[in-house]
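Below is one structure, written out as structure tokens; the observations come after it.
Derivation of every value follows stated rules applied to the coordinates shown; laboratory data play no part. Here the structure is a predicted model, which is why all the values come from computation and not from measurement. Cβ: placed from backbone, ideal geometry, glycine included. Neighbour counts: every protein chain shown.
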Amino acid sequence: MLKLARVCTVYGRRSLLAASHGSLELESQAWPTPTLLGALALGIRGIKKSAQQVRAGDLVQREGRPYRVSRFHWMHGQARAAGFVTLDLVDLATGARTSEKFRLEDQVELADVESKDMQVLYQDDDGNVHVMDGTTYEQAVLSPDLFGEGRKWLGTPELTVSVSYFEGEPVAAKLPYKIPVEVLDAPTAVVKEDGTSSRHVVVEGGISVVAPSFVRKGDVIVVRTEDGTYMTKG
């Protein structure tokens, strides 16, 4: 029995498209939109939505490349002008940033990106990151550039990351929002002018984190991977 499943994001909703025995079934949180129905008729290709419906966090495709929308800005037109929107875009493959302006009625194609949760195994001598799918046990080798600033946390034990694939190729890898790490060293706390104190502790991976003075060597703390901010004790 042939089964095909793809997850598509349409108007901010996740819809599961499944084909079985040559028939197509749709399971969704909402009744399928005209855009989605049109895409089904075309073989689930080129799903689009109008520029005014795009929001930050959406994954779009421009000239065959996948981008993440980092910012949406709507400019009202003057007099009878309809206005326009500006999308700030981040290239998922290179991290390069750009901006594009659209009319409200312009159609923007959504990127067909598949995401997988992968366990980080190790980094080799060249810095490449070896990961494994915990379900299929399939392994892959990723460039550290896919992790952006998050690469410094790759030495954290039992780390699971989300890897995004576009047309079968990995284009981005994202760490969890927060992770627990062990404190390896906790130097003397520094007292500030307002009477509060903190210390620069060293955690797994040799990373320095500013933590409250009560944090000690051997403690487990939770940090935000985006900027290395201390959140709480683990």
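Start at zero, step by 5 Å, and the Cα-Cα distances of segment 173-234 spread as 4, 20, 31, 22, 13, 7, 2, 1, 0 percent across the bins.
Distance between the C-alpha centres of segment 173-233 and segment 88-120: 33 Å, rounded to the whole angstrom. Compared with the alpha-carbon gap, the fully stretched path from Glu105 to Lys192 is longer by 25.8 nm at 0.36 nm per residue.
Listed by chain and number, the lysines whose C-alpha is less than 20 Å from the C-alpha of Lys233, apart from same-chain residues fewer than 8 away, are Lys178, Lys217. The peptide list 150-158, 224-232, put in order of mean Cβ contacts within 10 Å with the highest first, becomes 150-158, 224-232.
Among residues other than Ala189 with Cβ under 12 Å from its Cβ, the summed charge is +3 (Lys and Arg +1, Asp and Glu -1). Evaluating 6.51 cos²θ - 1.76 cosθ + 1.60 at θ = phi - 60° for every residue in segment 217-226, the Karplus couplings come out as 4, x, 5, 10, 10, 10, 10, 8, 5, 4 Hz, glycine and proline recorded as x.
Shown in residue order for segment 120-134 are the 3J(HN,Hα) couplings computed by the Karplus curve 6.51 cos²θ - 1.76 cosθ + 1.60 at θ = phi - 60°: 6, 8, 5, 10, 7, 5, 8, x, 5, 9, 9, 10, 9, 6, x Hz (x for Gly and Pro). Converting phi to 3J(HN,Hα) with the Karplus coefficients 6.51, -1.76 and 1.60 and the offset θ = phi - 60°, segment 164-169 yields 9, 10, 10, 6, x, 10 Hz in sequence order, with x at every glycine or proline. Seen from Asp227, the other residues with C-beta closer than 15 Å to its C-beta sum to a net charge of +3, counting Lys and Arg as +1 and Asp and Glu as -1. Think of segment 179-233 as a dipole: +1 on every Lys or Arg Cβ, -1 on every Asp or Glu Cβ, centred on the Cα centre; then among Val210, Ala189, Val222, Ala189 lies furthest on the positive end. Tell me which residues come under 5 Å, amide H to amide H, from Lys48 once H is placed; ignore anything under 5 positions away on its chain. For Lys48, whose amide H was placed from the backbone, the distant partners under 5 Å are Leu110. Charge tally around Met118: other residues with Cβ under 10 Å, Lys/Arg +1 each, Asp/Glu -1 each, net -2.
Exposure proxy ranking for His130, His73, based on other Cβ atoms within 10 angstrom of each Cβ and starting from the fewest, stands as His73, His130.
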